[in-house]
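Undergrad: This is the structure I have questions about; it appears just below.
The values are calculated or read from the model by the stated rules, or taken from the named source; none is laboratory data. This is a predicted model, so every value here is computed, not measured. Cβ placement follows ideal geometry from the backbone for every residue including glycine, while neighbour counts extend to all protein chains displayed. Protein only, heavy atoms only, side chains kept; ligands, DNA and RNA dropped before computing areas. Shrake-Rupley method; radii C 1.70, N 1.55, O 1.52, S 1.80 Å.
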Amino acid sequence: MASYSWAVICTYPGEPWLEELGSWPKISFQGKTPRQIAAIKNSTQYRLNTIRLSLLRIEPRIIIEPLIVAVGLLQGREKPLCALFSLIGDYFVPANSNWILPAKQQFVEQVFLPAFEYRASIRSPEAFETTTRVERCLFAVFVKFAELMTEKQLKPVWTELISWAEDALKPEADISLRIRMITLLHLANHFYESFNTLAIPYFGRLIELSARVLRTCNTATTDSAQLFLHGGKESIEGLECDLALIQSIDLIRSCAKHREFFTEERADLVIQPLVAELENSKCAGHEARCVPHLADAIYQVSDAHPNKFANMLNEIFQKTRSRKPKIRYRTLLMVERLFDKIGDSIAPHLPMVMPFISELLEDENKNVADQCDKIVRLLQMKFGAELNQAFTT
């Protein structure tokens with residue numbers, strides 16, 4: 001009987017209860033005193049809590065089908081969907097693992113993956129930040145789901161998630177498929193925030209996908225017909241492209257912190273697209289990607305493989321000879337943060353750097369020359385008289 005009631009509640013999207021899942025009911029407070037308003041809200045909250053507790057008392061194995069129905073009904077509805085997943089998350093406790101684990105495939109395919117289509121269903125600049133918050137709400141429940149599993153049990157789940165999204169990079173993929181890649185990378189970064197080192201074994205394929213996103217979203221190196229995502233400033237396409245790049249860069253940065261995982265082969269896979277991102281100025285949000293995201297990722301890669309840093313640094317400074325002042329300027333912004341993080345270890349590379357610095361101090365663009373001057377002052381603070389020797393070497 002309890003499961004029937006639950007199914008009926010979920011099957012009728014017009015039911016007030018579904019609205020109450022994620023927000024206060026549409027009650028008029030006009031003419032009410034503050035005390036009366038508080039009483040109305042408290043009684044509503046009490047009712048919602050009672051419903052929630054009643055649902056959680058239902059034998060878990062019999063509510064999965066109604067949950068699947070509810071996910072379908074509430075897809076694309078911000079507050080009810082988040083509240084539903086908050087309820088689902090409360091089922092993901094060790095005491096329920098004996099029924100959750102046998103049903104994990106069903107949860108992935110019929111609960112999480114349909115919900116992860118939220119970003120593709122709500123595509124507008126106005127809803128963009130809200131969409132990111134909704135995804136983080138969904139991801140928090142996925143983390144609780146993952147905590148119930150061993151590495152062996154969780155690995156097939158990540159394999160399925162990657163399979164769900166990787167077709168996004170095929171040239172014939174439509175926009176709804178391409179959006180999946182943003183959600184997957186966003187999930188991976190959220191998962192890393194929760195599990196840190198324990199998340200890394202699932203990210204091997206994701207490193208390759210991140211490098212491909214960087215390459216195929218770069219307007220400076222990729223033909224327009226082959227671009228994965230691209231759009232102008234403040235357009236939904238531009239916001240999505242920027243987020244895809246940020247999530248890719250941040251995932252690479254996190255992986256590079258783990259040297260055993262971040263092999264030389266993986267470093268070689270990402271170095272070129274990371275450095276090339278300095279020229280990707282036509283994609284919205286470029287300056288904010290360069291600092292801090294790109295600078296921090298390049299630092300972690302160089303820290304993991306110091307033998308590759310000299311070549312990387314030379315390639316970075318080659319970008320300061322671009323004909324576009326904003327690329328020269330943003331490269332120097334990135335260099336300033338990079339040098340600050342590297343500290344004294346930059347000393348062996350000063351003879352290579354200084355000819356570029358000397359040129360840039362005389363740059364015809366004032367912003368570029370001023371930013372270069374800031375880097376010189378930073379180096380003077382670190383090295384003092386040694387810096388003058390590097391200029392004359």
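Undergrad: To the nearest 20 debye, what is the magnitude of the charge dipole of the chain about its Cα centre, counting +1 on the Cβ of each Lys and Arg and -1 on the Cβ of each Asp and Glu?
TA: It works out to roughly 940 debye.
Undergrad: Also, quick follow-up: Shape verdict for the stretch 302-393, please, from the Cα gyration tensor: rounded (a/c under 1.5), prolate (a/b greater than b/c) or oblate.
TA: It comes out oblate by the Cα gyration axes.
Undergrad: Can you give the log10 of the normalised intensity I(q)/I(0) at q = 0.10 Å⁻¹, computed with Debye over equal Cα scatterers of the chain?
TA: -0.76
Undergrad: Which value in deg cm²/dmol, rounded to the nearest 500, describes the helix-derived mean residue ellipticity at 222 nm for the chain, given -39,500 (n - 2.57) per DSSP H run of n ≥ 4 and division by the residue count?
TA: After summing the helix terms and dividing by residue count, I get -20500 deg cm²/dmol.
Undergrad: Tell me, what is the per residue accessible area of the chain in Å², probe radius 1.4 Å?
TA: Counting only protein heavy atoms, the per-residue value for the chain is 47 Å².
Undergrad: Here is a follow-up. Binning at 5 angstrom from zero up to the longest distance, how are the C-alpha pair distances of the stretch 108-253 distributed in percent?
TA: So the P(r) values, bin by bin, are 2, 9, 20, 24, 21, 14, 7, 2, 1.
Undergrad: Taking the Cα atoms only, what angle lies between the long axis of helix 2-11 and the longest principal axis of the chain, rounded to 10 degrees?
TA: Here the helix axis deviates by roughly 60 degrees.
Undergrad: Follow-up. Considering only LEU161, PHE339, ALA310, whose Cα is most displaced toward the positive end of the charge dipole of the chain, charges sitting on Cβ of Lys, Arg (+1) and Asp, Glu (-1)?
TA: In the chain, that residue is LEU161.
Undergrad: Further question on the same structure: Calculate, in nm to one decimal, what LYS152 and LYS308 gain on full extension: separation in residues at 0.36 nm each, minus their alpha carbon distance.
TA: Full-extension gain reported as 52.7 nm.
Undergrad: Sticking with this one: Which percent of the accessible heavy-atom area of the chain goes to carbon and sulfur, probe 1.4 angstrom?
TA: After summing per-atom areas, the C and S share lands at 51 percent.
Undergrad: Moving to a separate point now. Just to check I understand the Karplus step: with θ = phi - 60° and J = 6.51 cos²θ - 1.76 cosθ + 1.60, what whole-Hz values come out for the stretch 80-90, glycine and proline as x?
TA: So the Karplus estimates, Gly and Pro as x, are x, 5, 5, 5, 4, 5, 4, 5, 4, x, 6 Hz.
Undergrad: Scanning the chain for GluC sites (Glu not before Pro) in DSSP loops with at most 11 other Cβ atoms within 10 Å, what's the longest stretch left with none?
TA: Excluding the exposed sites themselves, the longest stretch runs over 1-171.
Undergrad: Still on this structure: What is the distance in Å between the Cα centroid of the stretch 252-325 and that of the stretch 123-198?
TA: 24 Å
Undergrad: Then there's this: In whole Hz, what ³J(HN,Hα) sequence does the stretch 132-138 give by Karplus (6.51, -1.76, 1.60; θ = phi - 60°), x for Gly and Pro?
TA: Those phi angles translate into 5, 5, 4, 4, 5, 5, 5 Hz.
Undergrad: Under unit Cβ charges (Lys, Arg +1; Asp, Glu -1), what dipole magnitude, rounded to 20 debye, does the stretch 149-198 have relative to its Cα centre?
TA: For the stretch 149-198, the charge dipole is close to 80 debye.
Undergrad: Something else about it: What is the angle, in °, between the Cα long axis of helix 295-304 and the longest principal axis of the Cα atoms in the chain? Nearest 10 is fine, range 0 to 90.
TA: Tilt relative to the chain: about 80 degrees.
Undergrad: Using θ = phi - 60° and the Karplus curve 6.51 cos²θ - 1.76 cosθ + 1.60, what whole-Hz ³J(HN,Hα) does each residue of the stretch 267-283 get, with Gly and Pro shown as x?
TA: Coupling constants for the stretch 267-283: 4, 4, 5, 9, 4, 4, x, 5, 5, 5, 4, 4, 9, 7, 6, 7, 8 Hz.
Undergrad: Give me the angle, in degrees from 0 to 90, between the Cα long axis of helix 34-57 and the longest principal axis of the Cα atoms of the chain, rounded to the nearest 10.
TA: 80 degrees
Undergrad: Please name whichever of PRO125, ALA70, GLN247 sits farthest to the positive end of the charge dipole of the chain, dipole taken about the Cα centre and charges placed at Cβ: Lys and Arg +1, Asp and Glu -1.
TA: The listed residue farthest towards the positive side: ALA70.
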